[in-house]
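The values are calculated or read from the model by the stated rules, or taken from the named source; none is laboratory data. Given the structure is predicted, the values throughout are model-derived calculations rather than measurements. Cβ: placed from backbone, ideal geometry, glycine included. Neighbour counts: every protein chain shown. All accessible areas refer to the heavy atoms of the entire protein, side chains included, with ligands and DNA or RNA removed. Shrake-Rupley method; radii C 1.70, N 1.55, O 1.52, S 1.80 Å.
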Amino acid sequence: MGLSEAMLRRARKREIALVLGVPTALFLTSSISWQMRRPGTGGVLFTDARILVTLLIEAVIAALMLVYLRRQGWKPMEVAGPPEPQDVLRGLGLWFAVITAYAVVFVGLHFLVPDFVKPLEKPQFTGSISPPVILAAALINPLFEEFLWLGYAIPALGNRFGLRAAVAVSVLLRVLVHVYQGRMALIAILPLGAVLTWYYVRTKRLWPVVVAHVVVDALALSSLMATT
């Protein structure tokens, strides 16, 4: 099927509001609540329990949405296309593009608004995570996010509001649900979302995006791997 064919399906406004609105509202509310409770000088604390709760919520949302969307004629495997062995290499190349975009944004802001990035010189993520949880998070979260923000949002919004609007809204929603990361949401998540969305729209292939996201999450979480 692919992106072009997926955009032919006219999603109802109520469907779009439900599929994109529920997870956005849920995770945005959680992010804001956590930001209000955390100490002003603390980084983002990751623990096995916190990650597992997040993965459970994502799994429940995905299961319910899949049942609902199948009845509406949306099929995830048709949107993503069949995976190919080359998708791994494509994904690694895309990961490098994401890291490059992040570096460009960080260095640029360092020269333009140094006070904005200076606090980021300290570690932004703290905690201790076990290897099995890292593996589960690095596999499940990318699948959930990319099928939601790209596999569903781009064709559904693109059909009704045009591709440019779909891209803008998709990237914006991705950043919003990561506001718990503070300034890192703008410096890291925004470039990541922009690069992954650009690639998906240009190539119409979702699996390399998933691979790149898996690598990003695996490396980020591995820095907090429990040693005992």
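Of all the listed residues (L89, L109), the sole one being open to solvent by 70 Å² or more (accessible area, probe 1.4 Å), more than 25 Å from L8 (Cα to Cα) and not in a loop (DSSP other than H, G, I, E, B) is L89.
Within the stretch 36-52, residues that are at pLDDT below 65 reach partners that are not in a helix (DSSP H, G or I) with beta carbons closer than 7 Å, at six or more positions or on different chains, in the pairs G43/P123; G43/Q124; G43/F125; G43/T126.
Please determine whether any residue of the stretch 134-155 is out of contact with any His (no Cβ under 7 Å at 6 or more places or on another chain), over 30 Å from I16 (Cβ atoms) and not hydroxyl-bearing (S, T, Y). Within the stretch 134-155, one or more residues are out of contact with any His (no Cβ under 7 Å at 6 or more places or on another chain), over 30 Å from I16 (Cβ atoms) and not hydroxyl-bearing (S, T, Y).
Here's the yes/no breakdown for (1) surrounded by 13 or more Cβ atoms within 10 Å (Cβ to Cβ); (2) touching a Gly at 6+ places or on another chain (Cβ under 9 Å); (3) under 17 Å from P208 (Cβ atoms); (4) among the aliphatic types (A, V, I, L, M):
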{"site": "V113", "(1), (2), (3), (4)": "no, no, no, yes"}
{"site": "V133", "(1), (2), (3), (4)": "yes, no, no, yes"}
{"site": "A138", "(1), (2), (3), (4)": "yes, no, yes, yes"}
{"site": "A156", "(1), (2), (3), (4)": "yes, no, no, yes"}
{"site": "F161", "(1), (2), (3), (4)": "yes, no, no, no"}
{"site": "A165", "(1), (2), (3), (4)": "no, yes, no, yes"}
{"site": "V175", "(1), (2), (3), (4)": "yes, yes, no, yes"}
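Any residue at all in the stretch 187-210 that is surrounded by 17 or more Cβ atoms within 10 Å (Cβ to Cβ) and farther than 18 Å from P142 by Cα? Checked against the condition, which is being surrounded by 17 or more Cβ atoms within 10 Å (Cβ to Cβ) and farther than 18 Å from P142 by Cα, the stretch 187-210 yields at least one hit.
Tell me, which helices (runs of 4 or more DSSP H) lie completely within the stretch 159-228 with 3 or more residues that are modelled with pLDDT of 90 or more, within 11 Å of the chain's Cα centre (by Cα) and closer than 23 Å to I129 by Cα? Let's see the steps before the verdict.
Working: elements: 163-176, 190-203, 207-222.
Hits in the stretch 159-228: 207-222.
Tallying residues that are aliphatic (A, V, I, L, M) and surrounded by 14 or more Cβ atoms within 10 Å (Cβ to Cβ) within the stretch 67-83 yields 3.
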